[in-house]
Each structure stands twice: as C-alpha cells, then as structure tokens.
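Chemist: Following this message is one structure expressed as structure tokens.
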Amino acid sequence: MLIAEIGTLIQLYPIWKVGAKLPVVMGLSFTFLSPMMILASRDYGLLVGAVMVGGIIEGLLGLTAKYWRRFVTPIVSACVVTTIGFSLLSTGISTLATSNAYPLGSWQNLTVGALTLLACLLFHSFTKGFWKNLYVLLGLAVGYIISIFFNMVDFSQMMATINELGVVSFPRLFRFAPKFDIGAIISVTLVFLVSAAETIGDTTAICTGGLNRDITEKEVSGSLCCDGFMSAISAGVFGCSPITSFSQNVGLVAMTKVVNRWTIMFGALTLIIAGLFPPVGAFFSTLPSCVLGGCTVIMFGAIIVSGINMMNSCEWNEKTTLIVATSLCVGIGVTQVDGFFQYLPSVFGDIFAGNPVAGVFVVSMIMSLIIPDKEKKN
C-alpha cells in the first residue's frame, strides 16, 4: 500500500516528467501474477532484477511517447478501454458472491452483495450534490453494517495483525539483492508492455469519462513513466511487485465525475497511513468481499460505457468496424478457451491467455496500421 500510494501521489503531482497530473490511482496488477510467481519460486532476486529492468524500459517508453503516440489511434484506445471493463466483470461478480464466512455463491453472500448494490443505486438516484458523489462510500457503509449481522466480519484478525506487526510498522528497504537473468527480463518486459497498454487505456478513459476530453501526449508520457520507474523502485527498494494504474478507479471517476486531485490525494494518504499503521490496514481487511463486489460491479460496467462512448466519438467506417469486431473477438475469445495456446511457446499463453487487454491491444494496433484508409466517395 505504501509504494502504490506514493506512485499515486506522483501521478497526481508529477516530479519532472514522471506523472500524468491526473487522478490516476496506482495499485498491484494481476497482469504480473503468473510470471512473478514463477520467478519467485526460483529465486526472489530474479524477480527483483527483472522488474527493475522491465520498469526502466517502460519508463523509457514513456519518455519517448512523442515518437510513437500517433500509432495508438482513438479506436485502438477505445477497444482497450472497453476490454478493460469486460475483463473486470468476472472479478466483480465473483467478488460479489464471496466472503470468508460462507462458500462461494451462498445465499448469505448474494444477499449482502445485492443489498450493497441496491444501497449504492438508491443513494445515487435519490441524493443530490455532495451526498450523490459519496454514493459508493455510503453503499459500502450500509453493506458493511449488514454484513456484521451475517457474522461476516471477523475482528479477531485485527488483533492477530497487531500482535504480529505492532501498532507501527516500517518497510524493510533493500531487503532483496537483485539478480539479472536475460530470460526472466524478457518475459517480465513483455508483461510490462501489456501493462503499458492498460495504463494508456486507463488514463485515456479518465480523460474522456471524467474530463470530457482526449488525453494529451504529455499525459500518456507521464503516466507510463510513473508506471515504469515507480515499479523499478517498488522492486529494487521495497522488494514489492510492480505497480500500475488501477482500472477500478476509472469506473469510479466515470460514475462520480470527481477528478479533483486534492481529493484523490487524501485517499492516497489514507492508504499510506494504512501501510504504516497495521491496525488501520487490518480494519480495512475486515471488509467482506461481497460488500466490495456490490459496489464495484457498477464501476466496472461504467468502464465499458466509457469505452463505448469513446468508440462513438470515432469516425465509423469499414476500417473501424473491422478493427473493433476482430480485436474484441480474438482478444477476448482466446481467454475463454482453455488450451488455446498449449502447442505454442509458453510466452504466448503467459501474455494472452489470461489477459484479454493484451490481445485486443495487439490485434487492434496491427489492424490499425496495415488496413488502408479508404477515401470518402462523393
């Protein structure tokens, strides 16, 4: 939480060219999970070294954005944003049906999740002004209270955390010595390129959904620099996984239109406190998954809507139709067929099998470059 929210602060208030000056919230991504687990099982130093190099490469990619930004056309960005929303739907629904107290899909989990979702919708529909912008937080509070009556909240875990870590806990810096292996570096760098595509999509969606304008070249550059360089610091200094823009916040911005950087800063500071003071973080961890899921399903759907709105703003012709249809079908479709990549080199499965954003980005980018633009007929 500490390094992720330091990254968030830099996204909000850039240092040099690092940071987008946008309400981008940073966090840990599942995109890196598979290669990270493989490297950590071999030697954690390999993980640290690979992330450091991969992060620096993404950061340099951000610094050179002016040379390649024009190739990421609006329709490519729209496809990526839409796919980010689709990729989160299963997470939102499974979270809504989950808790530590009951099995997946139990009526208790579904009831609490549904009531949380209902509370969010009611607050959004019948409140105004300041309270309307807090509909997610208010729905979360209602769901948390309801979950207590369902015996889903276990406060004993808070005491266990305090007993283990104390009231204040500082990170151990430079705990793991980096080790550099060319194979590990290549595999992690490829995932960083996928993460870069997600970051471009996230920041673009924040601009279109929250600020009602297109993203600038400077903002693309700053967001990627923060993604990459802060990931390198996360691994090398803190011994943590890479950090990247968090798509959940994109949906929240699209729904609430709250883009004030000062406001987002206080959210980042809250999580920094949670990272330094284990009792605060332990309290947050008592929140049942089904309550969180009841709030997030709306936000994930809002990301899809943002992507569709971006598509509507593009000029529709045969080329854009082919790009959208093919990239979404191929990029999302291959993630739904187990064993699709079983006879190909493992790197293909590692990148594309579990992440539809990667496939959609690659296919839409290639098609955007190779399909000629037909002149309009009078």
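Chemist: Filter segment 243-254 down to residues that are in contact with a Gly (Cβ under 6 Å, 6 or more places away or on another chain) and open to solvent by less than 10 Å² (accessible area, probe 1.4 Å) and give me whichever is nearest to THR189 (Cα to Cα). Steps first, please.
Modeler: Restricting attention to segment 243-254, the residues satisfying the condition of being in contact with a Gly (Cβ under 6 Å, 6 or more places away or on another chain) are 243, 246, 253-254.
With open to solvent by less than 10 Å² (accessible area, probe 1.4 Å) added as a condition, the list becomes 243, 253.
Details: ILE243: 14, VAL253: 29 Å.
It comes out as ILE243.
Chemist: Could you go through segment 191-212 and let me know if any residue there is open to solvent by 40 Å² or more (accessible area, probe 1.4 Å), without any contact (Cβ under 8 Å) to a residue 24 or more places away in the chain and under 30 Å from CYS79 (Cβ atoms).
Modeler: yes
Chemist: Looking only at segment 213-242, how many residues end up being open to solvent by 10 Å² or more (accessible area, probe 1.4 Å), in a helix (DSSP H, G or I) and β-branched (Val, Ile, Thr)?
Modeler: Qualifying residue count, segment 213-242: 1.
Chemist: So for segment 37-45 (the condition being surrounded by 21 or more Cβ atoms within 10 Å (Cβ to Cβ) and not aliphatic (A, V, I, L, M)), does at least one residue qualify? Give the derivation first.
Modeler: Keep residues of segment 37-45 that are surrounded by 21 or more Cβ atoms within 10 Å (Cβ to Cβ), which gives 39.
Among the residues that remain, those that are also not aliphatic (A, V, I, L, M) are: none.
No, the conditions are met nowhere in segment 37-45.
Chemist: Pick from PHE238, PHE229: which is aromatic (Phe, Trp, Tyr) and within 14 Å of VAL18 (Cα to Cα)? Let's see the steps before the verdict.
Modeler: Values: PHE238 fails: within 14 Å of VAL18 (Cα to Cα).
None of the others qualify; the one that does is PHE229.
Chemist: I would also like to ask the following. Across segment 1-36, which residue is surrounded by the most Cβ atoms within 10 Å (Cβ to Cβ) among those that are among the β-branched types (Val, Ile, Thr) and outside any helix (DSSP H, G or I)?
Modeler: Looking only at segment 1-36, we keep the residues that are among the β-branched types (Val, Ile, Thr), and these are 3, 6, 8, 10, 15, 18, 24-25, 31.
With outside any helix (DSSP H, G or I) added as a condition, the list becomes 15, 18, 24-25.
Values: ILE15: 12, VAL18: 22, VAL24: 29, VAL25: 24.
Applying the filter and picking the extreme gives VAL24.
Chemist: Name the pairs: first residue in segment 145-162 and closer than 22 Å to GLY113 by Cα, second residue β-branched (Val, Ile, Thr) and open to solvent by 40 Å² or more (accessible area, probe 1.4 Å), Cβ to Cβ under 8 Å, at least 6 apart or on different chains?
Modeler: PHE150/THR111
Chemist: Considering only residues of segment 87-112 that are open to solvent by 50 Å² or more (accessible area, probe 1.4 Å) and touching a helix residue (DSSP H, G or I) at 6+ places or on another chain (Cβ under 6 Å), which is nearest to MET36 (Cα to Cα)?
Modeler: LEU89
Chemist: Inspect segment 262-274 for any residue being farther than 29 Å from PRO74 by Cα, surrounded by 17 or more Cβ atoms within 10 Å (Cβ to Cβ) and modelled with pLDDT under 85 and give the result as yes or no.
Modeler: Yes, the conditions are met somewhere in segment 262-274.
Chemist: Still on this structure, please answer the following. Filtering segment 348-371 down to residues that are closer than 24 Å to SER90 by Cβ and touching a Leu at 6+ places or on another chain (Cβ under 7 Å), which residue is modelled with the lowest pLDDT? Even if it seems obvious, please write down each step before you answer.
Modeler: Quick first cut of segment 348-371, residues closer than 24 Å to SER90 by Cβ only: 348-364.
Adding the requirement that they be touching a Leu at 6+ places or on another chain (Cβ under 7 Å) leaves 351, 360.
Numbers: ILE351: 77, VAL360: 90.
The qualifying residue modelled with the lowest pLDDT is ILE351.
Chemist: Also, quick follow-up: Please go through segment 313-338 and pick out each residue that is more than 16 Å from SER87 (Cα to Cα), out of contact with any Pro (no Cβ under 8 Å at 6 or more places or on another chain), polar (S, T, N, Q) and touching a residue at least 40 places away in the same chain (Cβ under 8 Å).
Modeler: Once the filter is applied, which keeps residues that are more than 16 Å from SER87 (Cα to Cα), out of contact with any Pro (no Cβ under 8 Å at 6 or more places or on another chain), polar (S, T, N, Q) and touching a residue at least 40 places away in the same chain (Cβ under 8 Å), segment 313-338 yields ASN317, THR320, THR326.
Chemist: Does at least one position in segment 353-368 carry a residue that is more than 13 Å from VAL76 (Cβ to Cβ) and open to solvent by 80 Å² or more (accessible area, probe 1.4 Å)?
Modeler: The answer is no; no qualifying residue exists.
Chemist: Just to be sure before I move on: is SER223 within 30 Å of GLY45 (Cβ to Cβ) and within 19 Å of the chain's Cα centre (by Cα) in the structure I sent? Lay out the reasoning, then the answer.
Modeler: Working: within 30 Å of GLY45 (Cβ to Cβ): yes; within 19 Å of the chain's Cα centre (by Cα): yes.
So SER223 passes the test.
Chemist: Is it the case that ASP181 is in contact with a Gly (Cβ under 8 Å, 6 or more places away or on another chain), in contact (Cβ under 8 Å) with a residue 24 or more places away in the chain and either open to solvent by 20 Å² or more (accessible area, probe 1.4 Å) or of a type in the set (Lys, Arg) (or both)? Reasoning before the result, please.
Modeler: On the way: in contact with a Gly (Cβ under 8 Å, 6 or more places away or on another chain): yes; in contact (Cβ under 8 Å) with a residue 24 or more places away in the chain: yes; either open to solvent by 20 Å² or more (accessible area, probe 1.4 Å) or of a type in the set (Lys, Arg) (or both): yes.
So ASP181 fits the description; yes.
Chemist: Taking the criterion of being touching a Lys or Arg at 6+ places or on another chain (Cβ under 7 Å), in a helix (DSSP H, G or I) and at pLDDT 90 or above, would at least one residue in segment 57-69 satisfy it? Working first, answer last.
Modeler: Of all residues in segment 57-69, those touching a Lys or Arg at 6+ places or on another chain (Cβ under 7 Å) come to 63.
From the residues that got through so far, the ones that are in a helix (DSSP H, G or I) too are 63.
Checking the rest, the ones that are also at pLDDT 90 or above come to 63.
Checking segment 57-69: at least one residue is touching a Lys or Arg at 6+ places or on another chain (Cβ under 7 Å), in a helix (DSSP H, G or I) and at pLDDT 90 or above.
Chemist: Kindly evaluate LYS218 against the criterion of being at pLDDT 85 or above and within 30 Å of ALA302 (Cβ to Cβ). Reasoning before the result, please.
Modeler: Working: at pLDDT 85 or above: yes; within 30 Å of ALA302 (Cβ to Cβ): yes.
Yes; evaluated as a whole, the condition is true for this residue.
Chemist: Given the condition over 15 Å from GLU198 (Cβ atoms) and at pLDDT 90 or above, answer yes or no: does some residue in segment 78-94 qualify? Walk me through how you get there before you give the answer.
Modeler: Within segment 78-94, the first condition is being over 15 Å from GLU198 (Cβ atoms), and the residues that meet it are 89-90, 92-94.
Next, from what is left, pick out any that are at pLDDT 90 or above: 93-94.
Yes, that holds for at least one residue.
Chemist: Test each condition in (1) of a type outside the set (S, T, N, Q); (2) touching a Phe, Trp or Tyr at 6+ places or on another chain (Cβ under 8 Å); (3) in a helix (DSSP H, G or I); (4) at pLDDT below 90 for LEU193 and report the one that comes out false.
Modeler: (2)
The values are calculated or read from the model by the stated rules, or taken from the named source; none is laboratory data. Remember, predicted model here, so these are calculated numbers, not experimental data. Because the Cβ atoms are built from the backbone with ideal geometry, glycine has one as well, and the counts that use them run over all protein chains shown. Just so you know, the surface numbers come from the protein's heavy atoms only, side chains and all, with ligands and any DNA or RNA stripped out. Shrake-Rupley method; radii C 1.70, N 1.55, O 1.52, S 1.80 Å.
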